[in-house]
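Readers should treat all values here as calculations from the given coordinates under stated rules, not as data from a laboratory. Just so we're clear, the structure is a prediction, and the values are computed from it rather than from any experiment. Here the Cβ is made from the backbone with ideal geometry for all residues, glycine too, and neighbour counts use every protein chain on show.
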């Protein structure tokens with residue numbers, strides 16, 4: 001088994017660009033409208049909530 005370092009790990013403090021396809025964009029817009037938020041704010045809060053759930057905070 002190889003012991004190479006995975007160079008594709010996420011780094012804290014680094015800004016990442018995330019792109020979506022047409023279907024994902026439609027789903028995000030639909031969910032954002034359901035909670036009455038802008039898509040950008042919805043993505044930020046959803047991402048922060050998921051990260052907190054993963055880390056246990």
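Residues that are surrounded by 10 or more Cβ atoms within 10 Å (Cβ to Cβ) and assigned to a helix (DSSP H, G or I): does the stretch 18-25 have at least one? Within the stretch 18-25, one or more residues are surrounded by 10 or more Cβ atoms within 10 Å (Cβ to Cβ) and assigned to a helix (DSSP H, G or I). With respect to being over 13 Å from the mean Cα position of the chain (by Cα) and at positive phi, residue 21 falls outside the description.
The requirement of being assigned to a loop (DSSP other than H, G, I, E, B), loosely packed, with under 10 Cβ neighbours inside 10 Å and over 14 Å from the mean Cα position of the chain (by Cα) is fulfilled nowhere in the stretch 41-55; no residue meets it.
Is it true that some residue in the stretch 6-17 is part of a helix (DSSP H, G or I) and loosely packed, with under 10 Cβ neighbours inside 10 Å?
No, because not a single residue in the stretch 6-17 is part of a helix (DSSP H, G or I) and loosely packed, with under 10 Cβ neighbours inside 10 Å.
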